[in-house]
1. Ignoring ligands, DNA and RNA, what accessible area per residue does the chain give at 1.4 Å, in Å²?
2. Just for the chain, what percent of DSSP beta bridges are antiparallel, to the closest 5?
3. Under 8 Å for C-alpha pairs, at least 6 residues apart: give me the relative contact order for the stretch 198-267, rounded to a whole percent.
4. Among Asn98, Ser110, Asn130, pick out the residue whose Cα is farthest towards the positive end of the charge dipole of the stretch 83-130, where Lys and Arg carry +1 and Asp and Glu carry -1 on C-beta, about the Cα centre.
5. I need the peptides 402-408, 438-444, 131-137 ranked by packing, meaning the mean over residues of other C-beta atoms within 10 angstrom, with the highest value on top.
6. For the pair Asp463 and Gln418, how long in nm is the line joining their label points, each one 7 Å along Cα→Cβ?
7. Which percent of the accessible area of the stretch 203-295 is formed by carbon and sulfur heavy atoms (probe 1.4 angstrom)?
8. Report the number of Lys pairs in the chain whose alpha-carbons are under 21 Å apart, with separation of 8 or more residues or on distinct chains.
Amino acid sequence: MRGRAIVLVLAGLATVVAALQSHHQREDGRSGATSSAEAEPAAARVTTVTFATSPEKVALIDPAVRAFNARGVRVDGRQVVVRRIVKDSGDAETQIANGQFQPVAWSPASSLWLPLLNYDADRRLAPSANASIARTPLVIAMWEPMARALGWPRARLGFGDLLRLARAPGGWAALGHPEFGPFNLVHTNPDLSTAGLSAVAAEYYAAGAGAALTRGDAVRPAVRARVRALERSIVHYGDTTLFVEGQLKREGLGYASAVAMEETTLRAFNRTRGRRDRLVAVYPKEGTYFSDSPFVVLSAPWVSAGEARAARAFERFLRAYVTPAVAARKGFRPGGDAAAAIAPEHGRDVAIDLREPRRLLQVPTARALHAIRRTWQLDRKPADIQLVVDVSRSMASADRLDQAEAGLRGFLRAAAPQDSVGLMTFSDRISWLAPVRSIRSDGPRLGRLVDGLVPEGGTALYDAIAEATSRARAHARTNR
């Protein structure tokens, strides 16, 4: 299946919708936020700081939270208790902007999310200057044999080299390595993932931006043509680099030639890769971004002055706790100055280069980032999508089918015009209501079909998934 992007979407399990709603209620910072490792003290005079962090640094954050809570720090005469919540940066940004998610403090993986938050919320929820907990640069991770075929480590490589490989009719054969097959690229979804957002912004920059990436660069035809050509080499868009890391371990060189990921994820892969080839870090010569893990105390209506002061106390503790040595043991570089001292063990991994990155890209404006994400939706690799919907009698209870239909309508509205979508339903029998066709032409009909779904019969779940998957594979196209 090399080079093929297949999407199979199973809709209609309303228990998933209910679980997500419950999850959001637990995590809103008001109605019982989830999971720090510490129980809240019984004393009435407690200030609870709900602190959201991106998942890649949980191993760095959790010991600090436990140590802080064990100290019994008091602010304004009240004990401060930090409750840690884990949430992907893109999800957190969207939900904080619309008020669904209400933490006191937030540490996304990168400061790239902060101008987007202020733009989407139409108010300054995040200050412009924030301390960095730890840092890790975006790199292009390549299997060592493939990187050496491109001239690594002597040659300075970048997105331009990937673009030439993506455009080469024979892929790796153009470099005398037909055994590597076509050139396959992976990066995560920029609407959800920091690595994806950083990679897409860097792609548009490398494709022809000036000193800083502007809103105009994102829509220039020449820039978009280069990005579109590179995006056609994508295998698929994963939600997180942790998922992509798992795919690399399972499939090896046959999965992807290159993956945009943080340096810390690359190091984690190499420590646990088993018999797989090693990944090496290519620092794009055109420039890259640091994921700087800012600590942000939100200037939001739901954050009281006392909570903000308590969050600042935790921030001061965290900055002292995460020393260069602590950061290095977890695969990060220190926060703050890039030239700060780095623990010796961090430099012994020859797959990375502590002298890099030599060129850092400026964080684009909120308008530029918004334009990049919108334009990328049009420039990304098209998808063939088969929707599979449960319409059994069980969907009649608790408004399950109504919720599934609402989700499907939202999905159809969000689909890009270059995507193709089909619709299959199942109860105790399978019905193919619409073949996979262009959403541009078939979207209205799909909407009418969704509106007309009626629950009946039993639930042939496994048969439906098996048949839909088989048909999707049989009709898969290598350019999608």
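1. Dividing the accessible area of the chain by its residue count gives 42 Å².
2. Among the beta bridges of the chain, antiparallel pairing accounts for roughly 45 percent.
3. Averaging sequence separation for qualifying contacts and normalising by length gives 23 percent for the stretch 198-267.
4. Going by the Cα projections, it comes out as Asn130.
5. The densest-packed peptide leads the list: 131-137, 402-408, 438-444.
6. Modelled inter-label distance: 3.9 nm.
7. 50 percent
8. Within the chain, the lysine pair count is 5.
The values are calculated or read from the model by the stated rules, or taken from the named source; none is laboratory data. Worth saying up front: this structure is predicted, and the values here are computed from it rather than measured. When we count neighbours, we look across all protein chains shown, and the Cβ atoms used for this are built from the backbone with ideal geometry, even at glycine. In case anyone asks, the SASA skips ligands and DNA or RNA and just uses the protein heavy atoms, side chains included. Shrake-Rupley method; radii C 1.70, N 1.55, O 1.52, S 1.80 Å.
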